[in-house]
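Step one of this worksheet: look at the structure below.
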Amino acid sequence: MPSSALRAAVFLDKGGVGKTTATAHLGVALDRHGHDVLLVDLAGKQGDLAKHFGLWADVQTDDDRWPNITTVFQDEWETIVKKLPAAVEDLVIPTGEGPDLIPAHESLDGLDATLGNIDDPEERYNRLEKFLSGYIEDDYDIILLDLPGSTSNIAYNGLWAAKHVVAPVRPGPFEAGQATQLRRDLKTIRNEQDVAIELVMVLLNEVDERTKAGKAYLEEFQTEYPDSLAPVQISSSQDVQNAQMDGGTLFGLGRPSQTAARAIEAYETDAQVLVERLRGGR
Ligand SMILES: Nc1ncnc2c1ncn2[C@@H]1O[C@H](COP(=O)(O)OP(=O)(O)O)[C@@H](O)[C@H]1O
Ligand SMILES: [Mg+2]
């Protein structure tokens, strides 16, 4: 295993497309493939990733949890770790399904503005990268970042640190042109940050190929992203939400339904291909 972890940011400038679900399921699939996986929830104070693993109640009881994910972005972080070597360990909790998790914290809310006050763009965007390289990545094979569904300074830190994007997309009411929009957004981000960011995987979520709209949607992405499209689409399954409400992924279901089994298989295949692409063997 390489000493520096592979990294991917799960990102799309849009909410409700399946980012958190993909982060959790790809993470567990990768763990089952034998990798040491860390998930980082940067997606907002609501703590969806911890909820996905049934951990939010525990995380929240500890109201003044400190250090937390926001701490690693602060000017004082390096001083804190020097004084408190256990600070890094204190950030991480096991999900119970294999991967480790650095959960979100309510203070993520104010972090975007704090970062916005830093004048030098490099300083503003490289804080997560510094944290991952300096303090955490030796312990893991793969780090997946669950990013906000907007182009905030926090999202930029995630993109800067990972340089590789997994973009879940799902057909919605304004679906036409989503593929083109995604391409445009990534171009803007590349220009603004002046870093190379590669779209390694477009993950199609809940596309119904039997409908005309679903078919057109699929074709749009096949044309625009012949190399990035995930090999298997994620089928729709009621069990995704059922499992989430029970605080787990589909992988934890004792008797998965047929739709759940299909989604599980899709995540497993796509996770494997993701690793290959991150290693550059595409
Ligand atoms: N394959 C799927 N089948 C059915 N529901 C899904 C599937 N993937 C995601 N969902 C549901 O879609 C909603 C949005 O997903 P989520 O991962 O929270 O999106 P995001 O993080 O992009 O906001 C959630 O309620 C989730 O349970
Ligand atoms: Mg989310």
Inset, instruction - Among what's in region 243-259 and is more than 22 Å from Leu145 (Cα to Cα) and more than 9 Å from ligand 1 (Cβ to nearest atom), pick the residue that is surrounded by the fewest Cβ atoms within 10 Å (Cβ to Cβ). - result: Gly254
Inset, instruction - Determine which member of the set Asp239, Asp227 is surrounded by fewer than 16 Cβ atoms within 10 Å (Cβ to Cβ), more than 16 Å from ligand 2 (Cβ to nearest atom) and acidic (Asp, Glu). - result: Asp227
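Tell me, which helices (runs of 4 or more DSSP H) lie completely within region 1-119 with 3 or more residues that are more than 18 Å from the chain's Cα centre (by Cα)?
By residue number, 56-61, 77-83, 87-91, 108-116.
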Inset, instruction - State whether one or more residues within region 78-85 are within 23 Å of Gly134 (Cβ to Cβ) and within 16 Å of ligand 1 (Cβ to nearest atom). - result: no
Inset, instruction - Could you list all residues from region 49-76 that are modelled with pLDDT under 90 and among the small types (Gly, Ala, Ser)? - result: Ala57
Legend entry - Test: residue in region 161-177 that is buried (at least 22 other Cβ atoms within 10 Å of the Cβ), in a helix (DSSP H, G or I), touching a residue at least 24 places away in the same chain (Cβ under 8 Å) and within 13 Å of the chain's Cα centre (by Cα): yes
Inset, instruction - Please go through region 1-23 and pick out each residue that is small (Gly, Ala, Ser) and near ligand 2 (Cβ under 10 Å from one of its atoms). - result: Gly15, Gly16, Gly18, Ala22
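If I go through region 128-151 residue by residue, how many of them are part of a loop (DSSP other than H, G, I, E, B) and touching a Leu at 6+ places or on another chain (Cβ under 8 Å)?
Adding up the residues that qualify gives 5.
The values are calculated or read from the model by the stated rules, or taken from the named source; none is laboratory data. Because the structure is a prediction, the values reported are computed rather than measured. Neighbour counts run over all protein chains shown; Cβ positions are idealised from the backbone, glycine included.
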